[in-house]
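Engineer: Got a structure for you, questions after.
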Amino acid sequence: APDIEVIPVFRSGTFLLAAPGYLNRNGSPERIEDLCRHRLLRRIGRGYPTARYLFNNQLFFDLETGKLDKLAHADFRTPRSMPPAQFGPYPSCARILSGDAISCYQSTLAGEGIAVDLSLRLVDDDLRQGRLVPVLAPWRPALWTNTLAVRAEIAHSDEVKAFTAWFVRKESEAGLARWAYWRDKFG
């Protein structure tokens, strides 16, 4: 909107997660193509793109078609030329359930499927306690940019600039620490 200024805070990401009980009942996928035989849980909602693609270096996997392909360049962002997410039916035969972050989170904890794109902030304690475990590391959805939205009329005031500088610094430090910890632990 023209009356809103958007300030980038930091790039964030996550990886595929499941409850151990789900993997015990349904088996753990060993190759990316194995996801087509599982129920996938992805979030929809304000501010977050719906994950359709998973990336691993120069490879990308389309959850909806079940096709594995190579990117023209090494980049974890979804190229604008790729089609956006659909909402079924899917040629891959994957059972994809989409909901908001909380319903996907609760469904994952209940062992209902493999979460595609839950934020690390939401699942940090569950990963530490072993209630959720990573699946198919290092595959992950596209990174996204967390932002701060400010009314344009006040965006350049000294008070707002001071707050946004502090907020960006604090959130960047916390986000990078959270991501680095799990990246180092799971690869």
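The values are calculated or read from the model by the stated rules, or taken from the named source; none is laboratory data. Source: prediction; values computed, not measured. Cβ sites come from the backbone with ideal geometry, for glycine too, and all protein chains shown count toward neighbours. Heads up: the accessible areas ignore ligands, DNA and RNA and are worked out on the full protein's heavy atoms, side chains in. Shrake-Rupley method; radii C 1.70, N 1.55, O 1.52, S 1.80 Å.
Engineer: Which condition number in (1) in a strand (DSSP E or B); (2) open to solvent by 30 Å² or more (accessible area, probe 1.4 Å); (3) more than 19 Å from residue 51 (Cβ to Cβ) is the one that residue 150 fails?
Structural biologist: (2)
Engineer: Right, another one. Name the residue, out of 134, 138, that is within 15 Å of the chain's Cα centre (by Cα) and open to solvent by less than 50 Å² (accessible area, probe 1.4 Å).
Structural biologist: The conditions single out 134.
Engineer: Listed residues 119, 103; which is open to solvent by less than 40 Å² (accessible area, probe 1.4 Å) and among the polar types (S, T, N, Q)?
Structural biologist: 119
Engineer: So which residues in the stretch 16-43 are open to solvent by less than 20 Å² (accessible area, probe 1.4 Å) and touching a helix residue (DSSP H, G or I) at 6+ places or on another chain (Cβ under 9 Å), if there are any at all?
Structural biologist: Across the stretch 16-43, the qualifying residues are 16, 17, 18, 19, 22, 29, 38, 41, 42, 43.
Engineer: If you don't mind, there's one more thing I want to ask. How many of the residues in the stretch 153-182 are open to solvent by 60 Å² or more (accessible area, probe 1.4 Å), assigned to a helix (DSSP H, G or I) and not aliphatic (A, V, I, L, M)?
Structural biologist: Total satisfying the criteria: 9.
Engineer: Would you check if residue 185 is modelled with pLDDT under 80, open to solvent by 40 Å² or more (accessible area, probe 1.4 Å), more than 21 Å from residue 51 (Cα to Cα) and part of a helix (DSSP H, G or I)?
Structural biologist: When the stated conditions are applied, residue 185 passes them.
Engineer: Among the residues of the stretch 138-154, which ones are touching a residue at least 60 places away in the same chain (Cβ under 8 Å) and either among the β-branched types (Val, Ile, Thr) or more than 30 Å from residue 185 (Cα to Cα) (or both)?
Structural biologist: Hits for the stretch 138-154 are 145, 147, 149, 150, 151, 152, 153.
Engineer: Could you look through the stretch 115-139, keep only residues that are among the hydrophobic types (A, V, I, L, M, F, W, C) and assigned to a helix (DSSP H, G or I), and pick out the one that is nearest to residue 21 (Cα to Cα)?
Structural biologist: 127
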